[in-house]
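Q: Pasting a structure below so you can have a look.
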Amino acid sequence: MLDISDAALRFGRHELWSGLSLRVEPGEFVAVLGANGSGKTSLVRAILGLRRLSAGTLRVTGGPRSIGYVPQQRRIDPLTPLRARDVVGQGLDGHRWGLGRRPGRAELIGEALDEVGAAGFADLPIGLLSGGEQQRVRIAQALVADPRLLLCDEPLLSLDLRSQQTVTALVDRRRRQKGTAVLFVTHEINPVLPYVDRVLYLARGRFRTGTVEEVFTSATLSELYDVPIDVLRVNGRIVVAGLPAEAAHV
Ligand SMILES: Nc1ncnc2c1ncn2[C@@H]1O[C@H](COP(=O)(O)OP(=O)(O)OP(=O)(O)O)[C@@H](O)[C@H]1O
């Protein structure tokens, strides 16, 4: 679904990453991790076609229209005059406000709301919903057009543990049922640990790709950050000790 080859991204003299190659197959769940400023969002923007690579190639099967996108979580103005249902509808027809709407639109929106467990608040103004509820609506918006590739940019930020589990399980179900490829940017590996096939870890202009077992080792992270780092497994969770300040939350 996604094929990135020998890609680089630079802003002036500042190189975020280079030599980056990544293929994401249908139904695969790839997590993208890295410190603040390591270039995760910039990678998402490049895949969306909003930022040009400085070098290399990037191909999305079906083009940008086959991508579903869950943007970084931010609070929505309580006065926003849209119902949750309208926000999901924008995933089908953008912001065209009723022009060129497709037949069966209402049913598709209803199904997407049902799938994320948001039918109960479909007709409430989006700005009045809780953070977790708004996030479910954003996911319904990203899924309603049945994308081949789902890009999620930190969809778990500021969600409580239960909402994190709901969101990750939803994404996992869709990729299993429909073969949607998933690229999931996250600060924390543990909430996605049960689902992840592979990891792309960005740090200080370098990166590693591989399974969680391959990337989350003391040797690999110590080499990426150039300081001694310990990766421990505690009751099925991954605990990383010794990360530099900019990555202390990863
Ligand atoms: N248009 C731009 N011009 C110059 N620098 C930019 C531009 N966009 C992003 N950057 C810089 O590129 C770096 C990577 O930004 P990006 O948002 O991709 O990081 P990130 O890994 O998503 O970080 P975070 O975890 O904080 O969201 C940052 O240092 C940022 O300041």
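Throughout, read-outs are computed from the coordinates displayed, never taken from laboratory work. Note that this is a predicted model, so its numbers are computed, not measured. With ideal geometry, Cβ positions are generated from the backbone for all residues, glycine too; neighbour counts draw on all protein chains shown.
Q: Give me the dipole magnitude in Debye, nearest 20, for segment 1-140 about the Cα centre, with unit charges on the beta carbon: positive for Lys and Arg, negative for Asp and Glu.
A: 600
Q: What whole-number distance in Å separates the alpha-carbon centres of segment 197-224 and segment 37-98?
A: Cα centroid to Cα centroid, the span is 26 Å.
Q: Now a separate question. Among Ala219, Ala203, Leu193, whose Cα lies farthest out toward the positive end of the dipole of segment 163-226, if unit charges sit on the beta carbon of Lys, Arg (+1) and Asp, Glu (-1)?
A: After comparing all options, I get Leu193.
Q: Also: Please list, in chain and number order, the residues 5+ apart from Ser21 or on another chain whose amide H is under 5 Å from its amide H, with Hs placed from the backbone.
A: Residues meeting the criterion, in which the H sits 1.01 Å from N, are Asp6, Ala7.
Q: Here's something else I'd like to know. How large is the charge dipole for the chain, taken about the Cα centre, if only the Cβ atoms of Lys, Arg (+1) and Asp, Glu (-1) carry charge, to the nearest 20 debye?
A: 660
Q: Further question: List the GluC sites (Glu not before Pro) in segment 1-108 that DSSP assigns to loop (not H, G, I, E or B) and whose Cβ has at most 10 other Cβ atoms within 10 Å. Which are they?
A: Counting only loop positions with at most 10 other Cβ atoms within 10 Å, none of the GluC sites (Glu not before Pro) in segment 1-108 qualifies.
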